[in-house]
Amino acid sequence: FIQDFSKAMSQAGTSQFQEVIRQELEYSMKVELDKILATAPSNELEHTKKDLEGFKKLFHRFLQEKGPSVDWGKIQRPPEDSIQPYEKIKARGLPDNIASVLNKLVVVKLNGGLGTSMGCKGPKSLIGVRNENTFLDLTVQQIEHLNKSYNTDVPLVLMNSFNTDDDTKKILQKYSHSRVKIYTFNQSRYPRINKETLLPIAKDVSYSGENTECWYPPGHGDIYASFYNSGLLDNLIAEGKEYIFVSNIDNLGATVDLYILNHLMNPPNGKRCEFVMEVTNKTRADVKGGTLTQYENKLRLVEIAQVPKAHVDEFKSVSKFKIFNTNNLWIALSAIKRLQEKNAIDMEIIVNPKTLDGGLNVIQLETAVGAAIKSFENSLGINVPRSRFLPVKTTSDLLLVMSNLYSLNAGSLTMSEKREFPTVPLVKLGSSFTKVQDYLRRFESIPDMLELDHLTVSGDVTFGKNVSLKGTVIIIANHGDRIDIPAGALLENKIVSGNLRILDH
């Protein structure tokens, strides 16, 4: 149906026909959404109405837009001064009154994701990453350390989704005595739509039991609307807060940076930025990351999904687009309020196709928080050190942050001074390690990795206590074989394959 629809859409002279089809689709969608709204209990009515209104707007834009691709000819390199090196910003130093600057900051963590990709139930932020500390523990420790050191009151705001809200709120009780005020608000809840009919698959508002698959949180671009709708944005402005620092809760490098904050609050040219995106240099591992470009005289984030097929290789090249977006963002609260009230935040729609357990093909319409950069005034990119981008997406990433490559201090991880070179080793753990509980079972203790460059592990492999890995280490257990790396082993530039079992005498 969609293919026929787009074929019909693309033929010249069919604009009237297109308009008719579009109106019919919008009308059918409205009828279905009204039916869903009618099933909402009175205490959820207002909230559900806002969600469905937001979804309707997104769906309308989805039908209007001719596809995600940007006009490649208009993409230019950003002007020199629009992406500043971090060193230059740091060189300005800090003012004496850094506490008064800090008191205008709010830290926002994107906490809508589940730990499913790592085989965990519940919010990803509750996975233990270091000495029993979870992502959330480390975040609270970092902010508490700031507040104690500078005698300030920087609050933490969590943007939860309907998937993570209950579990997160239960856990928050344990921080009631910490020196951090913690607020939460919820991302919108939007209906997934059937790929064939373009109608919602939900029949009512409930999202438990068999209905869990009918709904989704629409990406972190939803932060602007849901933050504003929650009333929290206005409350924070009333308290004198001026900027939010937004980042993914699983990026352990995203700590509050006083130099960037000072640059925002006391700009050298007197003109404040409304939006700062931290970018960092691409490595081969980051070729798919979104990049900052100049487009129609504005800084613009271009994601791989928006690139016309013919230009994807060019987009991935490290020579033309040297940087990518870390999703560490600094945004002025007053600007969010202004743009939200004018309905002027423009973000490209990401169409995310999914296949449900029963085999049904659905699409979910999403947006990305960084894509709004072009709607703000006086935006800036800051090219930060790689250490500010330390995401934990897989157990391979988890192995790095649990190891002696990093030391933990007041909730912040820093690269060990004993590591001779600044880059992180490349670690690839096979499918036997995908789930956190399997991964933990396979390491009696985390190996010494200070001198490691590259580690590949595949198959049924376990590691004893106090193993050291140096240089390039490749361990491959063939199907049906098992390799136990004995306690105290040193593997330096080794390939281990076949079958190796150490039996206790």
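Points to keep in mind about this one:
- Accessible surface of residue 296 - all protein chains present, 1.4 Å probe, nearest 10 Å²: 110
- For residue 252, residues with placed amide H under 5 Å, excluding near neighbours: 390, 392
- Each Lys and Arg contributes +1 and each Asp and Glu -1, all at the Cβ; summed about the Cα centre of the stretch 161-263, the dipole is approximately 220 debye.
- For residue 57, a cut-off of 18 angstrom between C-alpha atoms picks up these lysines, skipping any fewer than 8 places away in its own chain: 30, 35, 49, 66, 342.
- Gap separating the Cα centres of the stretch 231-287 and the stretch 19-47, nearest whole Å: 37
- Shown are 286, 166, 204, whose ranking by accessible area with a 1.4 Å probe and every protein chain present, most to least, is 166, 204, 286.
- Debye intensity ratio I(q)/I(0), log10, the stretch 72-384, q values 0.11, 0.12, 0.13, 0.15 Å⁻¹ (C-alpha model): -0.73, -0.88, -1.04, -1.37
- Calculated P(r) tail over 16 Å for the stretch 125-177, as whole % of Cα pairs: 46
- Gyration tensor verdict on the stretch 424-505 (Cα atoms; rounded if a/c is under 1.5, prolate if a/b is larger than b/c, oblate otherwise): rounded
- Beta-bridge orientation, the chain: approximately 45 percent antiparallel, per DSSP, counting only bridges with both partners inside.
- Restraint check, 241/337; 170/435; 282/320; 124/170; 124/393, Cα-Cα greater than 20 Å: 170/435
- DSSP assigns beta bridges within the stretch 403-481; of those with both partners inside it, close to 25 percent run antiparallel.
The values are calculated or read from the model by the stated rules, or taken from the named source; none is laboratory data. This one's a predicted model, so the numbers in the text were calculated from it and none came from an experiment. Please note: Cβ atoms are built from the backbone with ideal geometry, for glycine as well, and neighbour counts cover all protein chains shown. Just so you know, the surface numbers come from the protein's heavy atoms only, side chains and all, with ligands and any DNA or RNA stripped out. Shrake-Rupley method; radii C 1.70, N 1.55, O 1.52, S 1.80 Å.
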